[in-house]
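To start, the structure under review is shown below, and the notes come after it.
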2 protein chains.
Amino acid sequence: MQPDQRRAAILDAAVEEVAERGFARTTSRHVAARAGVTHGLLHHYFPDHQSLLAAAFEKMALEEIDEVNEILASDLDPLAQLREITEPYGPGGGAEAYRFWFEAWAEAGHSVTMRATSERLSDAWYELVLGVIERGNAAGVFRCEHPGETAWMVIALSDAYALHAQTGGGVPATEMVRVTWRLTERELGIAPGTLARS
Amino acid sequence: MQPDQRRAAILDAAVEEVAERGFARTTSRHVAARAGVTHGLLHHYFPDHQSLLAAAFEKMALEEIDEVNEILASDLDPLAQLREITEPYGPGGGAEAYRFWFEAWAEAGHSVTMRATSERLSDAWYELVLGVIERGNAAGVFRCEHPGETAWMVIALSDAYALHAQTGGGVPATEMVRVTWRLTERELGIAPGTLARS
DNA sequence: CGCGTTATTGACCACATGGCTAATAACACT
DNA sequence: AGTGTTATTAGCCATGTGGTCAATAACGCG
């Protein structure tokens with residue numbers, strides 16, 4: 001196997017391991033076993049354990065930013081773009097991915113290294129949503145009075161959805177989505193039910 | 001020291017340790033050192049490590065539910081009660097407490113045991129906010145059309161505030177609070193700026 | 001083919017952890 | 001004071017961890 005592929009395979013294994021067990025419980029040997037190598041090899045690709053975890057975190061963040069940028073570069077109109085953005089975090093968005101980000105958020109509270117990456121990702125999301133809203137305003141599709149505040153609201157509700165979908169609670173997912181849509185529509189100044197039509 | 005006090009001291013130490021390092025990195029010896037005892041003693045109060053962590057988790061959850069009930073039982077009018085709730089970080093403590101909860105939520109993704117407690121807490125919060133809104137409606141202080149949805153929104157924004165305050169990002173805390181208030185006021189059908197007056 | 005470089009293995013080390021237990025200190029109660 | 005119970009300590013053990021390194025296999029290239 002090519003070094004690049006091996007490195008990628010190790011990172012993939014690390015991401016899966018983190019999603020399953022969490023950062024703190026992710027051990028070199030488990031990652032190595034999942035990647036089909038011995039743990040001594042990890043040192044050949046990453047100077048130490050911390051670097052491996054940081055690289056795995058960074059990889060996930062970059063992939064997410066890339067996905068987001070793809071939406072941005074697409075020819076979709078602002079309304080459709082906003083739908084795309086809110087959808088990945090919607091029903092069926094992948095509980096495994098959520099688990100990874102919860103781990104990352106919790107880890108950001110203890111590790112200074114990861115907080116930086118976390119902030120970069122956070123900012124990327126904010127800029128993306130804000131851009132979509134402003135372009136929608138310019139195109140006359142939206143009539144949003146507080147683009148910055150609305151952008152934060154959209155992200156906040158998405159994150160909270162992911163959070164509450166995992167930690168459970170009596171509020172069903174469908175209701176969470178309904179609230180998110182209703183509030184977003186009102187903030188954007190578009191007709192109720194517009195977002196639901198997909 | 002009395003056994004009860006010792007047990008409480010150990011649990012306090014465990015909670016602090018979890019908030020600082022996370023569940024997985026919380027070791028018997030560190031907890032013992034923080035509590036001023038030797039690690040052998042922990043075995044005398046808790047059968048094993050997992051029980052200690054579970055007890056610490058349960059303790060935090062019960063304390064938070066108690067605080068919630070205090071607000072409920074207070075003589076404050078619904079508006080004042082809602083102010084308490086929407087205050088930054090809510091009434092359950094500051095950023096430190098939320099670091100603990102992020103850890104707990106992440107842990108709930110891996111451990112089945114903790115998910116139940118997590119859900120109970122989640123439901124308690126929802127019922128609290130919903131109750132305040134409905135009593136406000138009955139008293140004519142609020143004119144909220146979707147109490148259930150609004151209750152979830154209030155909790156969601158509060159959690160997201162804590163989350164983004166920890167993971168950083170370009171959105172300043174003051175703006176997050178402003179959005180939360182504005183949206184809450186609109187959902188409750190009360191005049192803008194009402195919540196800000198404290 | 002031969003040779004230098006890189007990838008990969010397996011074994012080893014020092015260390016921290018959770019669990020356990022015998023010995024001791026503190027205590028409660030008569 | 002005496003005694004049985006509980007609280008507390010110190011130390012041991014098996015295990016798993018991250019890090020390191022020499023030996024070897026695979027590879028690229030002249």
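Brief remarks on what is shown
- Part-to-part distance (alpha-carbon centres) for region B:1-55 and region B:56-71, which is given in Å: 19 Å
- Across region A:1-85, Cα-Cα pairs more than 21 Å apart make up 39 percent of the total.
- At 1.306 mPa s and 10 °C, Stokes D of region B:78-124 from Kirkwood alpha-carbon radius, µm² per second: 134 µm²/s
- Cβ crowding within 10 Å, taken as a proxy for footprinting-reagent exposure, orders B:PHE142, B:PHE57 from fewest neighbours to most as B:PHE142, B:PHE57.
- If R0 is 25 Å, the Cβ-Cβ spacing of B:ARG34 and B:THR113 corresponds to a FRET efficiency of close to 0.60.
- Kirkwood estimate for region B:1-46, i.e. one over the average of 1/r between Cα atoms, Å: 10.3 Å
- Counting only other chain Cβ atoms within 10 Å of each residue's Cβ, the peptide A:63-76 averages 0.
- Model label points for A:MET1 and B:ASP123, set 7 angstrom from Cα along the Cα-to-Cβ axis, are 4.5 nm apart.
- Net charge over other residues, Cβ less than 12 angstrom from the Cβ of A:TYR161 (K, R count +1; D, E count -1): -3
- Taking B:SER28, B:SER122 and counting other C-beta atoms within 10 Å, the order from fewest to most: B:SER28, B:SER122
- The mean of 1/r over all distinct Cα pairs in chain B, once inverted, gives the Kirkwood hydrodynamic radius of 18.3 Å.
- Across chain B, the relative contact order, built from alpha-carbon pairs under 8 Å that are at least six residues apart, equals 19 percent.
- Pairwise centroid distance, computed over Cα atoms, of region A:96-133 with region B:120-162, Å: 27 Å
- Computed label-point distance, nm, for sites A:HIS43 and B:GLN50 using a 7 Å Cα→Cβ extension: 3.3 nm
- In region B:28-143 the Cα-Cα distances spread across 10 Å bins starting at 0 as 12, 35, 29, 16, 7, 2 percent of all pairs.
- Taking the inverse of the mean 1/r over every pair of distinct Cα atoms in the protein assembly as shown gives a Kirkwood hydrodynamic radius of 22.6 Å.
- A:GLU58-A:ARG25 FRET efficiency (beta carbon distance; Förster radius 22 Å; 0.05 resolution): 0.65
- Using the Cβ-Cβ distance between B:ALA139 and B:ARG186 with R0 set to 22 Å, the FRET efficiency works out to roughly 0.70.
- Sequence of A:LEU157, B:LEU72 once ranked by neighbouring C-beta atoms within 10 Å, starting from the fewest: B:LEU72, A:LEU157
- Relative contact order, percent, region B:1-46 [alpha-carbon distance under 8 Å, six or more residues apart]: 34 percent
Since every read-out is calculated from the coordinates, none of them should be taken as a lab result. Fair warning: this is a prediction, and the values are worked out from it, not measured in the lab. Please note: Cβ atoms are built from the backbone with ideal geometry, for glycine as well, and neighbour counts cover all protein chains shown.
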